[in-house]
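These notes are about the structure you will find just below.
Laboratory data are not the source of any read-out in this text; all were calculated from the coordinates shown. If you're wondering where the values come from, they're calculated on a predicted model, not measured in any experiment. As a convention, Cβ positions derive from the backbone with ideal geometry for all residues, glycine included, and neighbour counts pool all protein chains shown.
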Amino acid sequence: MKKLVLFLTTMVALTAMAQEVQLRFTAADANGNYHPFQTVRIADLFNSWEHTLTYPDTVLTIEAGSITEGIADVEGIAAGLTPNYPNPFQGQTESMLRLDQAGQVTMRLVRVNGAVEYEESMYMEAGEYRLAIEVPTTGMSYLQVQTPSRNYVTKMVNTQSGGKANINVARTGEMRNSSARKDTKSFSLGDMMQFSATDSRNGTLVKSNSVLRTQLTGETITLVFNTSATTDCAPKAFSTNQRVFLPDGPYCGILAVNATLEVTGFPEGMTIQSADEIASLCLNYEHSFLGDHTIELICPNGQTSILKSIYEGGGILIGYPYGGNDHNEFDALSTSGSNNICDPLANMYGVGLDYCFSRNADYLLVDGQPANTNTTGEHYFSSDAYTDEVTFTFEDIEEPFYGNGSTAGTKTFETKHPSNKEQKTDYYRPEQDFQGLEGCPLNGTWTIKIEDNWAIDNGWFFGWSIELAPNCGK
């Protein structure tokens with residue numbers, strides 16, 4: 001069992017070629033308020049491994065050993081109380097208590113309403129103890145331990161009622177020095193990582209939005225839960241921030257990037273009845289060749305609708321690819337795949353812009369017409385119409401990035417005209433008009449899929465949002 005220190009975030013450290021990356025996780029609701037969570041799932045999509053942190057309201061250090069690259073869960077951290085395991089649990093669970101000094105210790109099981117279900121005080125020597133815990137009522141409760149040096153609290157979720165409240169204490173040994181369990185899970189800077197969290201409320205498991213990262217450095221990652229206190233059919237908006245490299249598919253073996261959003265708060269069983277109920281869908285990204293990729297929306301039951309097909313749009317720039325029209329001078333290019341074309345660190349990111357789609361009359365297309373108008377081909381995203389000439393000064397290329405030259409400097413170039421999500425203007429018409437999504441459940445996991453099937457060019461994806469406005473039987 002991992003020995004952890006109670007805190008409000010989880011920390012992991014990944015090592016890449018003797019470089020350590022520390023990641024801290026926290027969670028929030030859609031309004032930015034702290035949201036409790038019990039697990040964080042970490043997946044390295046490049047190296048096909050995943051790891052689950054089971055106590056995210058604590059600090060957990062995952063570090064690489066000096067011999068084996070990868071990650072290792074540090075065990076044997078100093079005096080403290082570990083969160084219970086398993087959690088959630090069915091009536092019985094355990095925790096480990098480590099005391100660095102002898103004295104009177106008080107242990108309590110407390111309900112969230114403050115009711116004390118169990119309390120016991122005893123004199124305990126310094127050392128390590130196993131606490132076998134029995135909880136008779138379902139839902140959330142707290143294990144409180146008061147020691148001579150400090151107080152500890154850990155949150156528990158029981159899913160099975162019955163029995164009696166009890167804590168059985170058994171000494172397992174003396175205090176020991178820290179040790180580490182090594183896991184040979186390879187990691188390199190630039191790996192595509194995916195993170196998500198779970199929370200259990202009254203026995204119901206909910207999950208956060210997934211976050212995709214081309215991991216470049218240490219950072220704090222906020223995992224957002226879209227859970228709603230009410231269930232109704234009022235319009236609801238959901239968004240997620242990402243930062244992921246869109247590699248050249250044919251040469252890099254990664255044809256598609258899938259970014260998900262968790263939609264909640266609509267009545268159970270409610271489905272999409274018409275295209276205008278997908279009121280707004282926006283992507284924020286940059287790419288050096290619009291014709292390279294297909295963009296698809298996938299609803300929770302797997303039905304799909306294409307927003308833009310491959311080969312449509314030609315060489316139009318999307319957002320501000322690094323270097324503008326001169327992006328080839330700063331990207332790693334190869335027609336054989338033998339160079340660094342697939343390495344994110346050799347392909348500095350630019351600036352993403354919002355590109356939005358709608359067939360809802362409350363939103364306006366790029367020429368000012370309502371988005372439900374049957375319009376000409378110029379209103380599709382892949383059209384060569386509606387571009388802007390911009391002048392932009394790019395940031396310097398700094399570590400961990402490398403490439404040709406240190407900076408692109410100031411460049412003037414044409415790029416696809418962006419949408420204004422806040423003003424609901426300058427929207428584009430989706431290629432299939434959101435057809436094929438009728439009957440999709442509103443609640444569940446929605447996915448944007450960007451698939452690159454044409455050689456050479458690449459880009460970066462920074463996030464997406466969706467607003468659903470069901471007609472509610474009107």
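Ranked by the mean number of other Cβ atoms within 10 Å of their residues, highest first, the peptides 221-227, 132-138 fall in the order 221-227, 132-138.
Modelled spin labels at ALA385 and GLU125, positioned 7 Å past Cα toward Cβ, are 8.5 nm from each other. Highest mean packing comes first when the peptides 352-365, 240-253 are listed by Cβ atoms within 10 Å, giving 352-365, 240-253.
Amide H to amide H, with H built 1.01 Å from N, VAL105 comes under 5 Å of MET122, TYR123, MET124, counting only residues 5 or more places away or on other chains. When the listed pairs LYS207/LYS424; LYS236/LYS424; LYS308/LYS449; LYS207/LYS449 are checked against a 18 Å cut-off, the alpha-carbon distance exceeds it for LYS207/LYS424; LYS207/LYS449. For region 288-428, the pair-distance distribution built from all alpha carbon pairs, in bins 10 Å wide starting at 0, is 11, 33, 32, 18, 5 percent. The HN-Hα couplings worked out from phi for region 86-98 by the Karplus form 6.51 cos²θ - 1.76 cosθ + 1.60 (θ = phi - 60°) are x, 7, x, 9, 10, x, 10, 8, 9, 9, 10, 10, 10 Hz, whole numbers, x standing for Gly and Pro. With N as its number of residues, region 78-177 has a Cα radius of gyration that, divided by 2.2 N^0.38 Å, comes to 1.02. Per residue, the convex hull spanned by the Cα atoms of region 229-468 amounts to 121 cubic angstrom.
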